[in-house]
Amino acid sequence: MTEPIDRDQPEFTAFVAASSARLLRTAWLLTLNREQAQDLVQLAYAKTFAVWRRVRRDDAESYARRVLVNSHIDWWRRAPWRERATAELPDQPSNDSATATAAIAERAALAAALRELTKRERTIVVLRYYLDVSEADVADQLRVSVGTVKSTASKALAKLRESQELADFRPLARAFALEEQR
Amino acid sequence: MTHDVDLRDKLDALAPDLELGVSSQTLVKRGRRRRVVRQSLVSGGAAAAVAAITATSVVLSGQHTARTAQTASGTGGVAGAANPTCGVNPQPTDGAPAAASDGATATPWGSPMVGPSGVAGAQMTVTAFHVGGMPCTNVGFEFSLRSAGGQVTNLEAVNEFDGSDIAPGFHATSLSTTTDGWFVLGYYAGPAASVTVSANGQSVEANLTSWSVNSDVKVWWVHGTGDAPASAQPTALDVAGDPLPAGSHATQLGVG
């Protein structure tokens with residue numbers, strides 16, 4: 001039986017396959033929630049396909065990531081009910097080794113520490129220190145001044161460094177301190 | 001990085017491996033809907049200025065744009081509300097609700113239109129549905145193939161989004177490509193007795209059938225195999241064989 005074919009679809013499908021893992025990770029770090037991360041990435045892809053012919057020859061992933069971040073910002077500003085505190089922890093494979101157990105504990109502590117940040121602080125941390133977006137671009141995307149980005153990032157790193165959740169993970173806290181000094 | 005713990009690596013390791021949750025085909029469908037909403041919102045402001053009747057030349061541009069039924073969220077429009085700038089098909093009198101945003105769950109409006117599809121073992125079925133949220137458009141049409149065994153494959157759901165949905169001429173002309181060839185399809189508003197489509201250097205007479213709710217609305221389609229046409233030009237004749245206006249809603253496909 002026939003199936004409708006969109007000529008853009010194979011190229012777009014390949015793009016989704018190549019980029020979805022990265023975008024999902026970014027979305028999860030922004031939301032710390034599995035379902036919201038999926039919603040954000042699906043929305044970003046739908047919006048990207050709507051302008052696919054314009055962006056496919058440029059950096060489509062950058063466009064999709066920008067849509068994703070903007071949608072996240074829009075959600076927290078306009079629909080705070082979307083944000084739900086959850087006890088969700090990252091799903092990671094585990095085994096009985098002490099090293100693996102320590103790594104799991106560290107991830108859980110980091111996730112808990114990230115939850116202590118405000119949404120703006122967490123977004124700036126993800127943009128600056130995960131996606132390596134420049135301060136100027138973060139400011140542009142969040143529609144705030146560069147000074148606000150700097151001060152918010154500094155405050156967020158300080159909160160992470162001093163978080164009781166990370167009290168047992170000194171190397172991690174030291175990493176925040178070092179990022180703060182850069 | 002000079003420090004012993006790389007923050008980026010820690011964040012990367014923190015995020016779990018997630019599945020997208022939907023297929024890329026679903027994302028394509030959602031993207032198409034957004035594309036059409038965007039187009040309708042952009043073109044809506046200019047609709048009142050559209051007046052000239054020009055020859056319709058459908059440029060397919062090697063691209064395929066599905067035009068799906070829309071509930072244009074955010075427009076605040078009331079389906080079929082009186083609008084001084086455009087004529088519009090009547091609203092359903094049988095209480096048929098507006099289509100869902102993908103048209104797929106639309107309640108049929110009027111009698112289904114059936115005809116030969118050109119694909120062996122399959123008939124074309126066209127179902128009208130009520131489009132909500134657009135001031136100058138009330139009706140859309142869903143084109144589907146129905147096999148002898150009753151299996152239905154949806155091809156396209158189309159509707160006008162630039163001005164009146166009953167302005168004389170062609171509307172919502174679209175290309176649909178399938179594994180069994182391609183279709184150029186749409187509808188004509190006016191007393192058309194025949195529609196001919198020029199595509200790939202050939203003229204093909206389209207299948208034509210009237211909509212039961214408004215007999216001046218004629219749904220048409222042509223089927224072909226091989227390469228999908230880069231352009232297609234439909235023309236309409238009345239019962240006397242005289243040409244009818246192509247209308248002012250020439251469909252430009254492939255708008256990104």
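The values are calculated or read from the model by the stated rules, or taken from the named source; none is laboratory data. What you see is a predicted model, and the numbers here were worked out from it, not measured in a lab. Heads up, the Cβs are rebuilt from the backbone with ideal geometry, glycines too, and the neighbour counts pull from every protein chain shown.
If you go through the range B:179-192 and keep only what is away from chain A (no Cβ under 14 Å) and either surrounded by fewer than 19 Cβ atoms within 10 Å (Cβ to Cβ) or not in a strand (DSSP E or B) (or both), you end up with B:GLY190, B:PRO191, B:ALA192. The sole residue among B:VAL195, B:VAL239 that is more than 14 Å from every other protein chain (Cβ to nearest Cβ), surrounded by 24 or more Cβ atoms within 10 Å (Cβ to Cβ), in contact (Cβ under 8 Å) with a residue 24 or more places away in the chain and farther than 14 Å from B:SER117 by Cα is B:VAL195.
Counting the residues of the range A:19-47 that are touching a residue at least 12 places away in the same chain (Cβ under 8 Å), more than 7 Å from chain B (Cβ to nearest Cβ) and assigned to a helix (DSSP H, G or I) gives 11. Inclusion of A:VAL144 among residues that are crowded, with 17+ Cβ neighbours inside 10 Å and away from every other protein chain (no Cβ under 11 Å) is not warranted. Among the residues of the range B:199-256, those identified as part of a strand (DSSP E or B), of a type in the set (Gly, Ala, Ser) and at pLDDT 85 or above are B:SER203, B:SER210, B:GLY224, B:ALA236.
Name the residue, out of A:ARG77, A:ARG54, that is facing chain B (nearest Cβ under 7 Å), surrounded by fewer than 18 Cβ atoms within 10 Å (Cβ to Cβ), part of a helix (DSSP H, G or I) and modelled with pLDDT under 90.
Just one listed residue meets the conditions, A:ARG54.
On the stretch given as the range A:61-73, residues that are away from chain B (no Cβ under 12 Å) and surrounded by 22 or more Cβ atoms within 10 Å (Cβ to Cβ) total 4. When the criteria are applied in full, B:SER174 fails the requirement of being modelled with pLDDT of 85 or more, of a type outside the set (D, E, K, R) and not in a loop (DSSP other than H, G, I, E, B). Tell me whether the range A:108-122 contains one or more residues that are among the polar types (S, T, N, Q) and assigned to a helix (DSSP H, G or I). Looking for residues that are among the polar types (S, T, N, Q) and assigned to a helix (DSSP H, G or I), one finds none in the range A:108-122, hence no. If the condition is being within 14 Å of chain A (Cβ to nearest Cβ), crowded, with 22+ Cβ neighbours inside 10 Å and in a loop (DSSP other than H, G, I, E, B), then the range B:109-150 contributes only B:SER117. Within the range A:167-182, residues that are within 9 Å of another protein chain (Cβ to nearest Cβ) and surrounded by fewer than 20 Cβ atoms within 10 Å (Cβ to Cβ) have Cβ atoms under 7 Å from residues that are in a loop (DSSP other than H, G, I, E, B) and not small (Gly, Ala, Ser) in these pairs: A:PRO171/B:ASP4; A:PRO171/B:VAL5; A:ARG174/B:HIS3; A:ARG174/B:VAL5; A:LEU178/B:HIS3, counting only partners at least 6 apart in sequence or on another chain. Remark: B:GLN202 falls outside the filter, which requires a residue to be surrounded by fewer than 18 Cβ atoms within 10 Å (Cβ to Cβ), within 14 Å of another protein chain (Cβ to nearest Cβ) and either closer than 22 Å to B:LEU244 by Cβ or not aromatic (Phe, Trp, Tyr) (or both). Taken over the range B:162-195, the criterion of being out of contact with any strand residue (DSSP E or B) (no Cβ under 8 Å at 6 or more places or on another chain) and not charged (D, E, K, R) is satisfied by B:GLY163, B:SER164, B:PRO191.
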